[in-house]
Amino acid sequence: MNLKNSAIIKRLEDIERIIAIVSGKGGVGKTLIASTMALTMTKIGFPSGLLDMDFTNSSCHLILGVDVLKEKPVEDMGIHPVKVHGVEFMSVAFYSRGEALPLRGIEVDSVFRELLMITKWGRLKALVVDTPPGFGDVILNIASYLPRAEFIAVTTPNLLSLEALRRLAGTYMKRRILGVIVNMSYKSIRSSVEGMGFKVLVEIPRYDDLEEYIGNVDKLMETGFAGKIKEAVLKVLD
């Protein structure tokens, strides 16, 4: 193990579980699910953090209502995450001023390791990680650098999204997947997902009014969507 890897493991040693939210396709609601999951865990007495690793298109801060131009992590022998509604939150958006951060290859690896090495998390029951769509560099880095990490896959009943999930079922990551959240469900695909060897955590119907609550955490947590996320959380923590 090299020094950088050991530094990352040291930073994360007070976190009981690391749960990365992944999806093969974009537009499935992964970021909203990751953010709501971290909020839900904290709300039910399971202190949690949220790490936005969608470096090129960070958006968790928008859901949490965090103004990245005004709020900044405190620097003291490392970077202390910003606390939002009890959730410890960290994102490169604090440093990119909310703008896109075009990265490729080795740059992604560098930012990934740097963010993990400098962030000083508190004692957490869980760290929820939002990831970019697809199964590229960030996902591979999580699987490699964070051997304790578990995954929750997000899909919709859409044919292309299901096909991406099927491909994931054929990879070595399958054994680390806790289950699947089916979002924007207009028909049950439980049998299809279970046929791939995955557990369905919850099927969430489409809520057309959700966009009204982006940035308003109190209202978001009162929605039926948040109630469905709580169902999934309780299964994961059981």
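The values are calculated or read from the model by the stated rules, or taken from the named source; none is laboratory data. Computed from a prediction, not measured in an experiment: that's the story for all the values here. A quick note on method: Cβ atoms are made from the backbone with ideal geometry, for glycine too, and the neighbour counts reach across all protein chains shown.
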Positions within segment 208-217 being over 20 Å from the mean Cα position of the chain (by Cα) and at pLDDT 95 or above, in sequence order: 212
Answer yes or no: is there a residue in segment 127-135 that is under 20 Å from residue 5 (Cα atoms), of a type in the set (A, V, I, L, M, F, W, C) and modelled with pLDDT under 90. no
Select from segment 106-126 the residues that are closer than 15 Å to residue 141 by Cβ and out of contact with any helix residue (DSSP H, G or I) (no Cβ under 7 Å at 6 or more places or on another chain) and write down the one among them that is modelled with the lowest pLDDT. 106
If I go through segment 61-77 residue by residue, how many of them are of a type outside the set (A, V, I, L, M) and either within 24 Å of residue 7 (Cβ to Cβ) or part of a strand (DSSP E or B) (or both)? 4
Looking at segment 168-224 only, could you name the residues that are in a loop (DSSP other than H, G, I, E, B), of a type outside the set (D, E, K, R) and under 17 Å from residue 23 (Cα atoms)? 170, 171, 189, 196, 197, 198
Hey, does segment 78-95 have a residue that's of a type outside the set (Asp, Glu), crowded, with 20+ Cβ neighbours inside 10 Å, modelled with pLDDT of 95 or more and part of a loop (DSSP other than H, G, I, E, B)? yes
When every residue in segment 180-229 that is free of Cβ contacts under 8 Å to residues at least 12 places away in the same chain and under 30 Å from residue 169 (Cβ atoms) is compared, the one surrounded by the fewest Cβ atoms within 10 Å (Cβ to Cβ) is 191
Take residue 153 and tell me if it is free of Cβ contacts under 8 Å to residues at least 40 places away in the same chain and of a type in the set (A, V, I, L, M). no
What are the pairs with Cβ atoms under 6 angstrom where one residue, in segment 113-127, is closer than 26 Å to residue 237 by Cα and in contact (Cβ under 8 Å) with a residue 24 or more places away in the chain and the other, located anywhere, is among the charged types (D, E, K, R) and surrounded by fewer than 20 Cβ atoms within 10 Å (Cβ to Cβ)? Sequence gap at least six, or different chains. 123/14; 125/16; 126/17
Going through (1) at pLDDT 95 or above; (2) within 24 Å of residue 53 (Cβ to Cβ) one by one, residue 168 fails only at (1)
